[in-house]
Amino acid sequence: MGPSPSPLDHKAKISEVFRSIQGEGKYAGVPQVFVRFFGCHMHCVWCDTPDSIGDGKQEFQEYGITDLLKEIRPLAKGCHSISLTGGEPLMQVDFLREFLPSLKAIGFTTYLETSGVLYQALAKVVRWMDIIAMDLKLPSSTGCRPFWKEHKEFLQIARRKEGFIKTVISKDTTPVDIMTAVRLVAKIAPETTLILQPNTFDLNHSVVQRCLDMQNVCRKYLEDVRILPQLHKFMNLR
Ligand code: SF4
């Protein structure tokens with residue numbers, strides 16, 4: 001049997017590295033470098049990055065820490081932060097544990113975009129995260145099973161950091177799911193901003209009206225509830 005690989009040998013599967021503006025949530029509009037991690041444990045029916053969720057296609061490149069930093073640095077001038085996005089970045093937590101200290105040592109602000117489910121992985125790397133953009137996955141929106149227990153555990157860790165929660169509202173989203181979500185947030189982290197994001201793929205009057213109705217209801221539980229569509233889609237940006 002050969003020697004065990006050193007932790008520093010960890011490589012990440014990365015779908016793409018690019019610069020754009022953040023298109024979602026509380027930080028919409030800020031310039032970022034996006035590092036899109038390949039692979040996801042979810043199968044949301046409206047996933048807008050199907051090539052990065054690992055569903056049959058294998059579209060990624062492998063990067064070590066030094067090579068990934070080399071890609072990021074020239075793009076990052078004047079950027080607000082480095083978005084670790086996906087897919088689900090926390091699926092590659094062993095790499096993140098080695099990579100994030102290097103990213104922080106250079107002085108970058110780290111911004112995690114996550115499904116808000118893999119709380120054990122988050123606990124291993126939360127110390128290096130500056131901003132956490134956490135999804136709440138409503139089963140009636142995603143078509144997946146409920147993740148209430150996982151979201152609860154995740155939020156208990158994530159609330160130590162700056163951030164917000166986003167939930168996608170589609171034509172199939174039920175008021176019961178939204179109420180379960182808002183009560184969960186109100187119980188654990190009532191100070192958190194909740195973003196209701198109308199689904200880009202069925203952005204019509206009835207979905208917008210559902211967001212408006214639910215904003216009124218959610219504001220009985222939380223101070224800061226906003227409706228925001230995906231800005232980058234309107235501008236034809238990545
Ligand atoms: S969590 Fe995000 S990347 Fe994963 S399937 Fe859902 S939308 Fe796609």
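The values are calculated or read from the model by the stated rules, or taken from the named source; none is laboratory data. What you see is a predicted model; the values in this text were computed from it and never measured. Don't worry about glycine lacking a Cβ; one is built from the backbone with ideal geometry, like all the others, and counts go over all protein chains shown. Note: accessible area is taken over every heavy atom of the protein model, side chains too, but ligands, DNA and RNA are not part of it. Shrake-Rupley method; radii C 1.70, N 1.55, O 1.52, S 1.80 Å.
Screening M214 on (1) open to solvent by 40 Å² or more (accessible area, probe 1.4 Å); (2) at negative phi shows it passes everything except condition (1). Applying the criterion of at least 2 residues that are open to solvent by 30 Å² or more (accessible area, probe 1.4 Å) and more than 13 Å from the ligand (Cβ to nearest atom) to the strands (runs of 3 or more DSSP E) found wholly in the stretch 19-136 leaves 61-63. Evaluation of D48 against the conditions (1) among the acidic types (D, E); (2) within 19 Å of N236 (Cα to Cα); (3) at pLDDT 85 or above shows that the sole unmet condition is (3).
Quick check on the stretch 184-194. Is at least one of its residues in contact (Cβ under 8 Å) with a residue 60 or more places away in the chain and outside any loop (DSSP other than H, G, I, E, B)? Checking the stretch 184-194: at least one residue is in contact (Cβ under 8 Å) with a residue 60 or more places away in the chain and outside any loop (DSSP other than H, G, I, E, B). Within the stretch 194-233, the set of residues being basic (K, R) and under 13 Å from T173 (Cβ atoms) comprises just one member, R210. For the criterion of being of a type in the set (V, I, T) and within 24 Å of I106 (Cα to Cα), I14 passes.
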